[in-house]
Amino acid sequence: MRKDLIAGNWKMHATHLDTIQMVQKLSYRLNDSDHERVDVVVCPPFTALRSAQTVIETDHLRIKLGAQNCHWAESGAYTGEISPAMLAKLSVTYVVVGHSERRHIFGEVDADINRKVKAVFEGAMTPILAVGETEQERADEMTEERVRSQFVAGTTGLTQDQISSLVVAYEPVWAIGTGKTATPEDAQNVCGFIRDLAAESSGNAADHMRILYGGSVNPGNVAAIMAKRDIDGALVGGASLDPDTFASVIRYWV
Ligand code: 13P
């Protein structure tokens with residue numbers, strides 16, 4: 001019922017020239033049946049979106065384009081920011097919102113993240129809302145409390161249809177870029193908890209909402225993670241930068 005989604009978050013890596021090569025190489029390693037099974041998304045930096053769009057459209061690729069962040073307003077005096085409308089014009093279809101690096105390094109708070117989630121929907125794109133606890137919060141057994149507050153605040157005011165099409169990425173902060181992954185069981189427990197939270201407010205819409213796991217996903221651990229009931233995909237950082245490695249993550253069943 002829920003189609004797998006595997007997204008590469010390239011973070012602040014890849015010029016527009018690198019991006020053209022990376023998208024092309026990735027496309028050579030994927031076939032139509034892979035795309036039937038998995039929605040494949042790449043999220044390069046803003047400066048590379050136009051080049052990625054051109055390659056995807058010129059070569060009729062089935063790779064989808066995502067952005068790593070956006071502002072909530074359509075336009076205005078917000079120096080250095082990028083609006084949802086600008087992204088939509090570049091054929092961007094997914095936008096990561098509330099990544100832990102945005103929260104922890106750049107001070108984004110839940111209220112802003114909620115405005116962004118709504119703005120992405122208003123721009124006819126799909127938000128990938130990222131949530132996750134820090135190492136200290138996990139040690140203090142506050143994982144569920146933290147994830148609950150981030151999810152509830154991030155999705156405040158959404159309709160049931162929006163919850164159905166929302167993508168949530170559960171990324172424990174201590175697993176990002178560290179080589180430490182949550183065990184598949186721990187990841188399932190939190191992803192199942194998130195689906196239950198969505199069901200509390202939005203009923204059946206929760207069954208359609210896709211939940212990704214992120215944090216040191218690689219070709220060696222992805223299959224066990226994807227086998228879990230409430231995990232519908234992965235948000236991949238480091239392992240998405242090499243097209244061969246990323247293709248192995250996407251084709252996790254091979
Ligand atoms: P890594 O896969 O490098 O741990 O990064 C995860 C992440 O932050 C994806 O958004």
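The values are calculated or read from the model by the stated rules, or taken from the named source; none is laboratory data. None of these values were measured; they are calculated from a predicted model. So basically every Cβ, Gly included, is an ideal-geometry build from the backbone, and we count neighbours across all protein chains shown. Accessible surface areas use protein heavy atoms only, side chains included; no ligands, DNA or RNA. Shrake-Rupley method; radii C 1.70, N 1.55, O 1.52, S 1.80 Å.
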Within the range 1-21, the residues that are within 13 Å of Leu65 (Cα to Cα) and touching a strand residue (DSSP E or B) at 6+ places or on another chain (Cβ under 9 Å) are Leu5, Ile6, Ala7, Gly8, Asn9, Trp10, Thr19
Tabulated pairs, the range 73-97, first in contact (Cβ under 8 Å) with a residue 40 or more places away in the chain, second assigned to a helix (DSSP H, G or I) and charged (D, E, K, R), C-beta under 8 angstrom, 6+ apart or interchain
Pro84/Glu122; Leu90/Arg50; Val97/Lys116
Here is a check on your reading of the model: is Gly132 at pLDDT below 95 and under 30 Å from Ser91 (Cα atoms)?
no
Which of (1) within 16 Å of the ligand (Cβ to nearest atom); (2) more than 27 Å from His60 (Cβ to Cβ) is the odd one out, the single condition Ala73 does not satisfy?
(1)
Does the range 135-149 include one or more residues that are in contact with a Ser or Thr (Cβ under 8 Å, 6 or more places away or on another chain), within 26 Å of Asn218 (Cα to Cα), open to solvent by 60 Å² or more (accessible area, probe 1.4 Å) and in contact (Cβ under 8 Å) with a residue 40 or more places away in the chain?
no
Could we say that Phe121 is within 16 Å of the ligand (Cβ to nearest atom) and either more than 17 Å from the chain's Cα centre (by Cα) or open to solvent by 10 Å² or more (accessible area, probe 1.4 Å) (or both) here?
no
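Mind checking which helices (runs of 4 or more DSSP H) fall wholly inside the range 148-254 and carry at least 3 residues that are more than 19 Å from His13 (Cβ to Cβ)? Give the steps one after another, and end with the answer.
Numbers: elements: 160-165, 184-202, 205-208, 222-226, 243-250.
Counting at least 3 such residues, we get 160-165, 184-202, 205-208, 222-226.
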